[in-house]
1. Since residue 149 meets every condition but one in (1) in a helix (DSSP H, G or I); (2) within 30 Å of residue 2 (Cα to Cα), which condition does it not meet?
2. Quick check on residue 109: is it assigned by TED's automatic domain parsing to the domain that holds residue 66, touching a Pro at 6+ places or on another chain (Cβ under 8 Å) and of a type in the set (Val, Ile, Thr)?
3. I need a count of the residues in the range 71-100 that are of a type in the set (Asp, Glu), out of contact with any helix residue (DSSP H, G or I) (no Cβ under 8 Å at 6 or more places or on another chain) and outside any strand (DSSP E or B).
4. Just to be sure I understand, how many residues within the range 1-29 are surrounded by 15 or more Cβ atoms within 10 Å (Cβ to Cβ) and closer than 13 Å to residue 45 by Cα?
5. What are the pairs, 6+ residues apart or on separate chains, where a residue within the range 202-223 that is free of Cβ contacts under 8 Å to residues at least 40 places away in the same chain and assigned by TED's automatic domain parsing to the domain that holds residue 166 has its Cβ under 6 Å from a residue that is loosely packed, with under 14 Cβ neighbours inside 10 Å and not in a strand (DSSP E or B)?
6. Residues that are in contact with an Asp or Glu (Cβ under 8 Å, 6 or more places away or on another chain), closer than 30 Å to residue 150 by Cβ and surrounded by 15 or more Cβ atoms within 10 Å (Cβ to Cβ): does the range 105-118 have at least one?
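The values are calculated or read from the model by the stated rules, or taken from the named source; none is laboratory data. Every value quoted in this text rests on a predicted model; they were computed, and no experiment measured them. Virtual Cβ from ideal backbone geometry, glycine too; neighbours counted across all protein chains shown.
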Amino acid sequence: MYKILIVEDDFVIANSICDHLSKWNLEAKYVEDFQNVISIFKEFQADLVLMDILLPYFNGFHWCSELRKFSNVPIMFISSMSDNMNIVMAMNMGGDEYIEKPFDIHVLTAKIQALLRRTYALTEQKNLLTFKNLVLNLNDTTLTCQDEKITLSRNEYLILQLLMENSGKIVSRDQLMECLWGNDEFIDDNTLTVNITRVRKKLEAAGCIDYIKTKKGLGYILE
């Protein structure tokens, strides 16, 4: 679920946007303390910011400039100041999109979704490992098997990551043990076998049977 931070001092508008975005599986929050926009942004960890221009204390251009000092989060300006000078200023300060008030809430939502797709979709796609019906998300370490989400321990995740990165190739037991435990010489070789067994059982429970195959004396392979 993406998080949207709304920096808008008209709380009727801000609350209306929050309510509408929640219907589209977007988590939205609006700023109430306009002296601490940056700290609120960091605490909320927003994925996109809606920014008005005319605000108490400092204007939206100021906050956009401050955000750009440490974040590339997409910023969409929402303002009744629709002259070309303000639009150019917003873009030059680091804004990504500009929508004029009054706006249709459905158009705003569509623009937000489009900006989120442009910003994050390709990045997320690059961070997915796939094999047959398995999808391993490297962003949040979740595994999906035939549309079913599987909870993984740290070791189970690392095993699958290494096997999926090398699908069709044999991964030796030494490679797996190095990945899981580094140079810890006190780890019993049987511990790896136990961890592999746990991964297999979780996959089989989700209907992904015989995905991890043992190559005797060599290691394991996804094929």
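1. (1)
2. When the stated conditions are applied, residue 109 does not pass them.
3. 1
4. Matching residues across the range 1-29 total 8.
5. So the pair list comes out empty.
6. Yes, the range 105-118 has at least one match.
Here is a yes/no grid of residues against (1) assigned to a loop (DSSP other than H, G, I, E, B); (2) under 21 Å from residue 81 (Cα atoms); (3) in contact with a His (Cβ under 6 Å, 6 or more places away or on another chain):
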| site | (1), (2), (3) |
| --- | --- |
| 9 | yes, yes, no |
| 13 | no, yes, no |
| 17 | no, yes, no |
| 42 | no, no, no |
| 50 | no, yes, no |
| 53 | yes, yes, no |
| 58 | yes, yes, no |
| 62 | no, yes, no |
| 69 | yes, no, no |
